[in-house]
Structure formats: C-alpha cells, structure tokens
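> Before anything else, here's the structure in question.
The values are calculated or read from the model by the stated rules, or taken from the named source; none is laboratory data. Being a predicted model, the structure only gives us computed values, none of them experimental. Note that we place each Cβ from the backbone using ideal geometry, even for glycine, and neighbour counts take in every protein chain shown. Heavy atoms of the whole protein, side chains included, go into the accessibility calculation; ligands, DNA and RNA do not. Shrake-Rupley method; radii C 1.70, N 1.55, O 1.52, S 1.80 Å.
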Amino acid sequence: MIRIKAPKNGRIKRELEKRAPKLVETGKKTLILHGTKTSSVLNSVLTEIHHLKKDNSIKYSRRNDKIRPFESGGETSLEFFSLKTDCSLFVFASHTKKRPNNLVLGRFYDHHIYDLVEVGIENFRSMGSFSYDKKLAPQLGSKPFFAFIGEAFESVDELKHLKEVLLDLFRGEVITNLNLAGLDRVYVCTALSPNRIFFSHFALRLKKSGTKVPRMELVEVGPSMDMVVRRHRQPDDSLRKEAMKMAPDSTKKKEKNVVKDDILGKLGKIYIPDQKVGSVPLANKSKGVKRERREAKVAKGDGDKATTPKKQKKEDSE
C-alpha cells in the first residue's frame, strides 16, 4: 500500500499536476516488462516495440516472477508499476511450454487493469533483416497510418478487441491538425483467420503525381510478425461506461443573448440603443443648397426667355 503525502515543494507539486486527469489528455506511455522466462524472439519483439515507441515508453530489463495478468492477485505488481511510472498501456512477455512466445497487451484505467489481449508471436522478422535505404527510416515521434485489411476486424470479437489495443498502442498523441509531410510510416494488419493476423510496418514515400494529391509508395522496414490471439478479457459494462465518460468542455464560452430552440434552431437577440435624434448634428449641405439655387435661377431664366415672345405677340395683336 502506497502512503500518499502532500507535496512539500513546487517541483513535486508540478509533477503531480502533470499526472492529474486533464480535459485533453497527452500521449499515453507504455510499460514494457519481462516475465519469469523469455525467449530470444520475445526479447527482440520487446526491443523493437520500445524502439518504435521510444518517445513514450519505459522498458524494464529485470525479470518479474509475480506478474500474472489473467490471474486474480497476479496484477498487483503490474498496477504498482503503472502508478509508479504513470503508464496507461503495458506489454508483458513470457515464455512457457504451454504458451510459447507469449505476449500480453493491456490497458490501464485509474492505474487498474482495464482490458487484456494475449497473443502468440510467430514468424518474427526484426528491422535488421530488411534491406532498404536508411534515409527512408521513419522519424521519431511521427504520426502513423493504420490499415486493417479483412472483414474479421469488424465481425470477430477477438480481432475487434485486438484492433482497439493496437490503435492505442501505436497511434501516439491525439492531435487535431496534421502536416502531410510528417506522415512517414504505415502499420498494416491483415486478418488471415478468425484468430490470426499478420502485422507489418512500412515506410511511406511521397512522390510527385502531377496533381495536388501525391503518389505514395510503401517500403517494408520491419518488424513483421504473425499474432495468434489466445485469450482476451474485456472490461465490465460499468467500468467501460465510467471510462468512456467525457468531461464537459469548460473552455467553451457562453454566448450572450442566444437561445436554442428545437424547432426554430438558434435564435439571437440584437440590442439597439435609443436613437437621440434631437442631439444628432445635421450634415452641412450648404454646397448642395447653393447648387440647387443656381439650378433654380437657370431654370427661371429659361422660363423667362420662353414667355417673352408670347408677350410681344399679345402687344402686336392689340
């Protein structure tokens, strides 16, 4: 049992504030652990995953005898490490005669195990076994594409669950805007059977295509492996409902004089101040008045010229 103490200085207080729940969560960290016994294949798999998530992962090299995620009481040490390192995901490797090359992927909620997926690793190939131009290697911290090929990812519960965990494991920090030049890798997962997938990693090259959309080429850079789903445990409905709660957006400002109606939609009130007509100064129209006077004189002169011949005719008639 960990005894919680109040922070004594500002540095510890700031560190605790970083770990506190946030409205917009930062990238999830991954805890990578070894079991009682691991094989060379599993050691390579853990090293490759740590390399792919080097900016958001913590790797322990010691053996852990007491960790058994699927057994009651066997998750105590795992939850302790989660609280200590503030990790939301974990990858646990173990090797036995009954379950060789066993890899357990899981997620935490409030530093307690949320869900688990156990897979067996087969046909593993590391990054070193692929030959390619090293300039094409994906950069650290870049955002990846994901491609899930096969209808089983939508119909089979085991593969649907594995898809969710893989997305959380490799997607990194959630962002709203993305630069196309920063996309340099693709994770491809192909469903081979209801309980087996092929996982591979490709570098992405963007080339000119003559249009705004560039032409993309894939170069396999590894690692690649077959994952066979052995066991999985989903969270309870109550726990899932609690974990999926969305915090209210307190940053959204309240709109004044705006009312939402179910039928009319969004209605607004416009405030118009009293118009003080008496105190409003009149515009200076002296130039316009003078022009109007000149035009009136000209019109009057034309009228006088038009009436003069008529008067002469009247005098002559008399």
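> Working with all protein chains in place, sort V91, V41 by solvent-accessible area computed with a 1.4 Å probe, largest first.
V41, V91
> Okay, next question. Testing the spin-label approximation: label points 7 Å from Cα along Cα→Cβ at K160 and Y60. State their distance in nm.
It is 3.3 nm.
> When only alpha-carbon atoms count, how far does the chain stretch along each of its three principal axes, as whole angstroms with the largest first?
145, 57, 43
> Right, something else. In the chain, what percent of the accessible surface is made up of carbon and sulfur (1.4 Å probe, ligands and nucleic acids excluded)?
Exposed carbon and sulfur together represent 53 percent of the surface.
> With charges only on Cβ, +1 for K and R and -1 for D and E, what is the dipole size of segment 1-71 about its Cα centre, in debye, rounded to 20?
Dipole of segment 1-71, to the nearest 20 debye: 460 debye.
> Moving to a separate point now. I'd like the trypsin sites (Lys or Arg not before Pro) in segment 26-110 restricted to DSSP loop residues with at most 14 other Cβ atoms within 10 Å, sorted by number.
Passing both the DSSP loop test and the Cβ count: K37, K66, K97, K98.
> A follow-up question, please. Where does the charge balance sit around S209 when Lys and Arg score +1, Asp and Glu -1, over other residues with C-beta under 15 Å from its C-beta?
Result for the local shell: +4.
> Solvent-accessible area per residue for the chain at a 1.4 Å probe radius, Å²?
Value returned for the chain: 72 Å² of accessible area per residue.
> Once the whole set of protein chains is in place, how much accessible area is left on D110, using a 1.4 Å probe, in Å² to the nearest 10?
110
> Counting only chymotrypsin sites (Phe, Trp or Tyr not before Pro) that sit in a DSSP loop (anything but H, G, I, E, B) with at most 16 other Cβ atoms within 10 Å, what is the longest stretch of the chain containing none of them?
My reading of the result: 133-270 is the longest stretch.
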